[in-house]
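Notes follow once the structure below has been shown.
The values are calculated or read from the model by the stated rules, or taken from the named source; none is laboratory data. In this text the structure is predicted, and so the values were computed from the model without any measurement. Note: ideal-geometry Cβ built from the backbone for every residue, glycine included; neighbour counts use all protein chains shown. Calculation scope for accessible area: heavy atoms of the full protein, side chains included, ligands and nucleic acids excluded. Shrake-Rupley method; radii C 1.70, N 1.55, O 1.52, S 1.80 Å.
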Amino acid sequence: NGFSLVRKIVERSGLGFDAPAPFEPGKSLGEALLTPTRLYVKSCLAAIRQTGAVKALAHITGGGFTDNIPRALPKSLGVTVDLSAVDALPVFRWLAQTGDVAVPEMLRTFNCGIGMIAVVTPDKADAVLSVLRDQGERAMRIGDVVPADGGERVSYRGTLDLSL
């Protein structure tokens with residue numbers, strides 16, 4: 001799972017969990033890596049209630065994009081994720097670089113900073129983004145719902161920037 005990989009990367013880095021986090025000033029590596037999962041209930045409920053446009057939500061946890069997004073869609077649908085629209089958080093950049101983790105493995109294991117995906121009607125995407133941003137979320141459009149082609153239900157375009 002994700003934290004097993006994190007432990008291997010920390011070991012490879014030669015840092016202890018009490019060392020300063022290279023990607024988060026003022027915190028130890030252990031504190032930064034154990035930052036609790038963000039809760040999206042209030043902001044997602046606001047988007048649902050205020051826009052009526054949210055068709056599904058996918059919490060991106062263990063299994064990353066690859067496993068979690070299809071769970072929120074009927075089998076006839078998939079998504080194309082624009083990786084160039086994903087602003088990976090510094091912790092994920094550090095993990096990828098330090099652990100020499102390839103992008104497909106990062107996307108299969110971590111959320112790379114995208115904790116929740118809302119599937120919305122295209123004509124109301126801007127309204128949903130506005131509500132989420134008003135709620136303090138770092139929201140962005142990262143892809144499109146597409147017909148499933150019988151193979152992978154999550155496909156990617158663009159490049160995920162994991163450079164430090």
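When we screen D123, D87 for residues that are of a type in the set (D, E, K, R) and either part of a loop (DSSP other than H, G, I, E, B) or crowded, with 17+ Cβ neighbours inside 10 Å (or both), the only hit is D87.
Consider region 126-139 and keep the residues that are touching a residue at least 60 places away in the same chain (Cβ under 8 Å) and not in a helix (DSSP H, G or I). The one that is surrounded by the fewest Cβ atoms within 10 Å (Cβ to Cβ) is G136. Among the residues of region 8-23, is there at least one that is open to solvent by 70 Å² or more (accessible area, probe 1.4 Å), under 22 Å from R138 (Cβ atoms) and in contact (Cβ under 8 Å) with a residue 40 or more places away in the chain? Looking for residues that are open to solvent by 70 Å² or more (accessible area, probe 1.4 Å), under 22 Å from R138 (Cβ atoms) and in contact (Cβ under 8 Å) with a residue 40 or more places away in the chain, one finds at least one in region 8-23, hence yes.
Which condition number in (1) more than 30 Å from G14 (Cα to Cα); (2) of a type outside the set (D, E, K, R); (3) within 11 Å of the chain's Cα centre (by Cα); (4) crowded, with 20+ Cβ neighbours inside 10 Å is the one that I142 fails? Among (1) more than 30 Å from G14 (Cα to Cα); (2) of a type outside the set (D, E, K, R); (3) within 11 Å of the chain's Cα centre (by Cα); (4) crowded, with 20+ Cβ neighbours inside 10 Å, I142 violates only (4).
Of the numbered conditions (1) over 25 Å from S155 (Cα atoms); (2) of a type in the set (S, T, N, Q); (3) at pLDDT below 95; (4) open to solvent by less than 60 Å² (accessible area, probe 1.4 Å), T51 satisfies every one except a single condition; which is it? Of the numbered conditions (1) over 25 Å from S155 (Cα atoms); (2) of a type in the set (S, T, N, Q); (3) at pLDDT below 95; (4) open to solvent by less than 60 Å² (accessible area, probe 1.4 Å), the odd one out for T51 is (3). Of the residues G62, G26, G30, the single one that is without any contact (Cβ under 8 Å) to a residue 24 or more places away in the chain, open to solvent by 20 Å² or more (accessible area, probe 1.4 Å) and either over 21 Å from M140 (Cβ atoms) or touching a Gly at 6+ places or on another chain (Cβ under 7 Å) (or both) is G26. Per the listing T98, T121, the residue uniquely touching a residue at least 24 places away in the same chain (Cβ under 8 Å), more than 17 Å from the chain's Cα centre (by Cα) and closer than 22 Å to V41 by Cα is T121.
Within region 90-112, restricting attention to residues that are assigned to a loop (DSSP other than H, G, I, E, B) and either among the β-branched types (V, I, T) or under 15 Å from G62 (Cβ atoms) (or both), the residue that is least open to solvent (accessible area, probe 1.4 Å) is C112.
Whether any residue in region 34-49 is farther than 23 Å from R133 by Cα, free of Cβ contacts under 8 Å to residues at least 12 places away in the same chain and not basic (K, R) is what I want to check. Yes - at least one qualifying residue is present in region 34-49.
Going through region 140-164 one residue at a time, which ones are small (G, A, S), under 30 Å from E24 (Cβ atoms) and in a strand (DSSP E or B)? Matches in region 140-164: G143 only.
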